[in-house]
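To start, the structure itself, in structure tokens.
Any read-out appearing in this document is the output of simple, stated calculations on the displayed coordinates, not a laboratory observation. Values in this document were obtained by computation on a predicted structure and should not be read as measured data. Here the Cβ is made from the backbone with ideal geometry for all residues, glycine too, and neighbour counts use every protein chain on show.
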Amino acid sequence: MESGVGFVAAFVLISLLTGWLRGAVYYDPHLVLLSSYAVVWVPFLGAVLVASYIRGTRSLARDIGLRITWLDVFFGVGAGLLARAAAGLVEIALTGRMVGMGVSFGDAVYDGWWLFGTILAPVLLAPFIEELFFRGLLLRAVHRASIGLLGSRTATVIAILVSSLLFALLHLTQAANPMAALILGVSAFLFGLAAATIAAFTGRIGGSIVAHIVFNGALVLTSL
């Protein structure tokens, strides 16, 4: 239940923020930067905390799988690099070139806001929070809901697919046009499959967090 509420709440807040920005005559770019992350992070973190600390065992390691081993790091780095390469191939196949899905940081002013908007938020914080939600909470919730009817193996496949589809759907909100939506959607879905597979078969989200950091970090690095 928490995963469904968290996802819907994030989608509603994103829609409200987008609508406000379209009608705003002036807005503070720093406020927009913070708000664009807060509308996703607050409901996601809220759902995770409720699931673990109110309805769970109060252990993120047990309830969400927040653990990491050196094997997770190895698989995570490999999966992140492969997923980023696959995303590049998708972009080339659809547009004939690779431009980092239009990611640009403009004229850089190297201050705290630059550090937050370029490194901390997209490369470190967003991967951690999104993996807590999608591969920690949502993946497990779908598996639990499916296993009684479908059996363990089929439930695992369904959980991987559902979490990957919803992960891709969330990232469609960043698209500026239909082509960007197609590239973002396919790329996010492919990464979601890789991250969810790691989480499902290890029982931990450490590997998926590392993969997400590498996946996002590689894009940021090529866009600087």
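Here is how the numbers come out for the structure above:
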{"quantity": "Inter-label distance, nm, simple model (7 Å from Cα along the C-beta direction), residue 77/residue 116", "calculated": "3.1 nm"}
{"quantity": "Listed values (1) 17.4, 55; (2) 21.1, 91; (3) 19.1, 59, entry calculated as Rg and Dmax of the Cα atoms in Å", "calculated": "(1)"}
{"quantity": "Value of [θ]222 nm, deg cm²/dmol, for the chain, DSSP H segments ≥ 4, -39500 (n - 2.57) each, nearest 500", "calculated": "-23500 deg cm²/dmol"}
{"quantity": "Extreme residue, positive dipole direction of the chain, given options 123, 133, 187 (C-beta unit charges)", "calculated": "133"}
{"quantity": "Restricting segment 14-50 to chymotrypsin sites (Phe, Trp or Tyr not before Pro) in coil, as DSSP defines it, with at most 12 other Cβ within 10 Å", "calculated": "26, 27"}
{"quantity": "Spin-label pair residue 169/residue 8, simplified geometry with 7 Å Cα→Cβ offset, distance in nm", "calculated": "1.1 nm"}
{"quantity": "Listed residues 87, 61, 194, most fluctuating in the chain (Gaussian network, C-alpha, under 10 Å)", "calculated": "61"}
{"quantity": "Residue 32/residue 157 FRET efficiency (R0 25 Å; Cβ-Cβ; nearest 0.05)", "calculated": "0.05"}
{"quantity": "Top of 64, 129, 209 by mean-square fluctuation, Gaussian network on the chain, Cα under 10 Å", "calculated": "129"}
{"quantity": "Selection from 152, 178, 163 lying farthest towards where the dipole of the chain points positive, charges on Cβ", "calculated": "152"}
{"quantity": "Most fluctuating residue given options 193, 139, 31, as computed from a GNM of the chain linking Cα atoms under 10 Å", "calculated": "31"}
{"quantity": "Segment 65-223, dipole about Cα centre (Lys/Arg Cβ +1, Asp/Glu Cβ -1), debye to the nearest 20", "calculated": "560 debye"}
{"quantity": "Per-pair calculated FRET efficiency, R0 = 41 Å: residue 179 and residue 55 via Cβ, rounded to 0.05", "calculated": "0.50"}
{"quantity": "Between segment 143-210 and segment 27-76, the alpha-carbon center distance in angstrom", "calculated": "16 Å"}
{"quantity": "Length added when fully stretched, residue 85-residue 150, from 0.36 nm per residue minus Cα-Cα", "calculated": "20.0 nm"}
